[in-house]
Amino acid sequence: MKLNQFIAFVAFLVSAAVFGQVSGKVVDGDFPLEYATATLFSTETKAVVAGVVTTKEGTFKIGSLKNDSYYLEVSFIGFDKQVFKDIVISSKNKSVNLGLISLVSGGNQLNAVVVQSVKGTVISKIDRQVYDAKSFQNSQGGSAIDVLRNLPSISLDAQGDVSVRGTTGFRVLLNGKPTQGNISTILGQLPANAIDRIEVVTAPSAKYDPDGKAGLLNIITKKGATNGQYAQLNVKGGFPSIENYDNKKKAQRYGIDGTYTIKKDKWDISLGGSYGRNDIQGRREGNVFTNNITENYKTQFPSDGERSTNELNYSGRFTVDYTPSITDNFSVGFYGGKRKVDRQADIYYNNKRTDLTTGAVLKSFDYYNENLRVRDGDFALGSFDYTHKFEDKSKLTASFLYEYTLLGGPTTNLNLGYTDSSIVYQDEYNTNDNPLYGTRAQLDYEFKPFSFGKIEAGYQFRKLKNNGDFIYQRRNLSSGIYEIVPEFTSQVNLDRSIHSGYLQLNGSKTKWEYAAGLRLESMNRDFYLKGFNTAAENLTYDYVKLFPSASAQYTMDNNVKVKAGYSKRVDRAPTYQMNPFKEREHSETFEQGDKNLRPEFTDLIELGISKNFKGGNTLFATAYYRDVHNLINRVNTLSYTTAGVLNDTILDRIYTNVGRGKTLGLEIGSQFKPSTKWTNFIGANIYNFNIDGSFNGKAIKSNAIQYSINANSTYNFTPTTSMQFTLNYLSKKITAQGEDSRFYSPNLTFRKSFLDNQLIATLQWQNIDMGMLNTNEQRISTQSTGQYYTTTNYVYEVDMVLLNLSYTFNKTKSSAKFIESEFGKKEF
């Protein structure tokens, strides 16, 4: 043996004889927890002696300990902290092995509520609320949207639009990775079975992109950390429709999704695929009044007919993670998918023109409008991520994402005779080929130069290029040839580049947790417009702005937590909201954007309190204030031809900045367990919404108190059998020019597991109505005094019954993270 080896060996024997060690293994049920934190403190001074993180096997070892008395804290994000007191290292007891340390989701540090004695429904953190997706049985077999509708801060309307605290402006992250997609589109393609939890980040730090006036939604997919294979298959089928809506086609509802992963030492490979059809039948009942003051007549056109949706989604994806050492990790991902949504609106119109003075009927005309809006989206994305951990525990992360998306799908508008449909009055066809190219590059570095906190710094570059050719054609009824309609045909190109850098401090001391950060962002937006018969136009919008953020949380001795937060946000409009050229949405509407549309800038402030009680009961409340400048709303106005003649049976629907919007609200949630078998979770959001602005030379001043309620009650008959009732209720709400009526949906779910929980059957009764409740319908009304009034009632399918079967072949789960759309889905 060489001399230096002998000296090292002797030193090891001496240290082993003089110094002691503490060890153990941290688990979540049957699974080891990697990267859990074990921190050892001196009992006498309360000072930190040493801290380590667990290995892939969940084990840890803290050595070189002097004879003394210690206590140990073991923690992991989303789990209760475990504390082990009276750990004594002495000459007679050099080694203390704590054995298996089982962490339970929720608890003191993260303010959790225990559900069914295992998982918590909600966890309160300094800047977010974290919800356990598995608590909501009614979502199984569905999509992420079905999970979201259970959360107190989330509401869905009849059109499927998702709102957070009363607004649709928010950002979506998947496993912490930013996306730039429309929330309904992104979450509609993500199976609920794949989701572990959802984080509602209401006061995001400067580390995150500032997009989203209501904050962020971070969707965390299921993951694990052990070697082995894991496979899960989910199959869904819908029973025939109970109600008859006199639609052309019967609704089809079925789907299948699966995941297969294999993890071995340094490799983690995951494959996933899904295919689903989700049709919704329905009707639309409406009425419109327009006034022609100049010629002294009123036009009324009541309507009634089909308003159904056929939706098809399928996708395939894979992720490969390679960890050659404890300091390096590489990840490559690919995702390809297709989404097709056909909205059928076959409506009967009864147009009648009457004299404003005498009320005499001047003209009457009935017709039948066949309107089909097809929206296709083909997505292809690739990403690469690399992480390196240094010896001083600092970390460097680099990531790159590229996306190609082809958006398109025509809108056909056919006006026929009523009741003789062989008569063709008008036949129009509007196609839009809209390819999108998106790039994102990001570099982040974190280190701890101070005892009181960790510093994070980073740089991001984002580029979006969206080229659109919108061809509008009308059939010449004499020749049968489709001819270009110049006033509606256009070329629209959007090119947007964003550079940003941030600096963030996160830390904790005694009972305080705190964070503060500053983000500097530079944006350049180039917008190219070219009409068929008009000159090209280039519009530029640039800014350089600071986006500060700060938050703090204090934990009292009685386990009450109070927190406060501030964040400055921005919400950038997608291309279709900026396209100033009209599109024929359906017979009575032209839709267009505003070429000078400015981003919305928002200040968010919140103050919250939370408390855990005995028996798994909890209560939390958060007051918030949101101030939005350059508020974007969809508004209506009278439509005129290029020659200045009033289209008295058509309204223009325009996206534009209408002024300023202020929201003052209170979000509350509670979980209470009357017995060990019965668990209830109820959340509500009540807020005052005020709009102060103008449009088309008229003042807009609206103010109203609005609210939403999401209630969830689960009863466990046996360990393998349960039933869950949910109610989602959205009160009527104001818009810039009118109001939307209340909207609600009750649901009932029966769940039974077999074969040691490997096979789970879920029977769902969605939108319970039984012909008595007016479930799943919403009336939308707008008006401009003296000009027009519109009201439309959307009646969608009720009493839908579905069966979902889920089979797990191996309970070892993958830690791989699938990627999702960064740019294209927002344009869908």
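The values are calculated or read from the model by the stated rules, or taken from the named source; none is laboratory data. Quick caveat, the model's predicted, so the values are computed rather than measured. All Cβ positions, even for glycine, are placed from backbone atoms using ideal geometry, and neighbour counts span all protein chains on display.
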Check the range 589-609 and report whether any residue there is modelled with pLDDT under 90, over 21 Å from G683 (Cβ atoms) and over 28 Å from the mean Cα position of the chain (by Cα).
yes
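Yes or no, residue by residue, for (1) touching a residue at least 60 places away in the same chain (Cβ under 8 Å); (2) under 25 Å from the mean Cα position of the chain (by Cα):
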site	(1), (2)
T637	yes, no
T642	yes, no
K662	no, yes
K677	no, no
G683	yes, yes
Please list, ordered by first then second residue, the pairs with beta carbon atoms under 9 Å, 6 or more apart or interchain, first in the range 503-522 and closer than 17 Å to V560 by Cα and modelled with pLDDT under 95, second among the basic types (K, R) and buried (at least 18 other Cβ atoms within 10 Å of the Cβ).
E513/K125; E513/K563
Please go through the range 230-242 and give me each residue that is buried (at least 17 other Cβ atoms within 10 Å of the Cβ) and either out of contact with any Gly (no Cβ under 7 Å at 6 or more places or on another chain) or over 20 Å from N310 (Cβ atoms) (or both), ordered by number.
Y230, Q232, N234, G238, S241
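State all residues of the range 381-419 that are more than 23 Å from P324 (Cβ to Cβ), loosely packed, with under 15 Cβ neighbours inside 10 Å and modelled with pLDDT of 90 or more; if no residue qualifies, say none. Explain how you work it out, then say what you get.
Start the filter on the range 381-419 by keeping residues that are more than 23 Å from P324 (Cβ to Cβ), which leaves 381, 402-419.
Remaining after also requiring loosely packed, with under 15 Cβ neighbours inside 10 Å: 417, 419.
The answer is G417, and nothing else.
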Restricting the search to the range 500-514, which residues are touching a Lys or Arg at 6+ places or on another chain (Cβ under 9 Å) and either of a type outside the set (A, V, I, L, M, F, W, C) or surrounded by 18 or more Cβ atoms within 10 Å (Cβ to Cβ) (or both)?
S500, G501, Y502, Q504, L505, N506, G507, E513
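For the range 235-275, how many residues meet the condition of being part of a strand (DSSP E or B) and modelled with pLDDT of 90 or more? Outline the logic, then answer.
We begin by selecting, within the range 235-275, every residue part of a strand (DSSP E or B); these are 235-238, 253-264, 267-275.
From what is left, the residues that are modelled with pLDDT of 90 or more are 235-238, 253-256, 275.
Within the range 235-275, residues that are part of a strand (DSSP E or B) and modelled with pLDDT of 90 or more number 9.
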Could you list all residues from the range 19-38 that are over 21 Å from I89 (Cα atoms), assigned to a loop (DSSP other than H, G, I, E, B) and in contact (Cβ under 8 Å) with a residue 60 or more places away in the chain?
G29, D30, L33, E34, A36
Determine, yes or no, whether G29 is closer than 30 Å to R197 by Cβ, out of contact with any Gly (no Cβ under 9 Å at 6 or more places or on another chain) and at pLDDT below 80.
yes
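Determine whether N432 is touching a His at 6+ places or on another chain (Cβ under 8 Å) and at negative phi. Give the steps one after another, and end with the answer.
Numbers: touching a His at 6+ places or on another chain (Cβ under 8 Å): no; at negative phi: yes.
It is false that N432 is touching a His at 6+ places or on another chain (Cβ under 8 Å) and at negative phi.
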When T775 is run through (1) buried (at least 18 other Cβ atoms within 10 Å of the Cβ); (2) of a type in the set (S, T, N, Q); (3) assigned to a strand (DSSP E or B), the failure sits at (3)
